[in-house]
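Have a look at the structure below before the remarks.
The values are calculated or read from the model by the stated rules, or taken from the named source; none is laboratory data. All figures in this text were calculated on a predicted structure; none of them were measured in a lab. All Cβ positions, glycine included, derive from the backbone under ideal geometry; neighbour counts span all protein chains shown. Surface areas here come from the heavy atoms of the whole protein model, side chains and all, with no ligands, DNA or RNA. Shrake-Rupley method; radii C 1.70, N 1.55, O 1.52, S 1.80 Å.
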Amino acid sequence: MRNWLGGVADVCCVLVFVGIGRSSHDEAASAAGFATTAWPFLVGLAVGWGA
């Protein structure tokens, strides 16, 4: 249960990081742009959790 909660917390932190980064760089607020920015970070997170 703790691993699952840790994973959810990590994903939430990555999504907040992406949102703040896109906002500070004046990127357009679109779901597609958000997903395009977020996926490399989420893949890296998954690789890190897998290791």
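Okay, residues lined up against (1) polar (S, T, N, Q); (2) at pLDDT below 95; (3) open to solvent by 80 Å² or more (accessible area, probe 1.4 Å); (4) part of a helix (DSSP H, G or I):
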site: Val11; (1), (2), (3), (4): no, no, no, yes
site: Arg22; (1), (2), (3), (4): no, yes, no, yes
site: Ala29; (1), (2), (3), (4): no, yes, yes, no
site: Phe34; (1), (2), (3), (4): no, yes, no, yes
site: Phe41; (1), (2), (3), (4): no, no, yes, yes
site: Leu45; (1), (2), (3), (4): no, no, no, yes
**Report entry** Cβ-Cβ under 8 Å pairs, at least 6 apart or on other chains, region 7-24 side among the charged types (D, E, K, R), far side open to solvent by 30 Å² or more (accessible area, probe 1.4 Å) and modelled with pLDDT of 95 or more
**Finding:** Asp10/Leu45
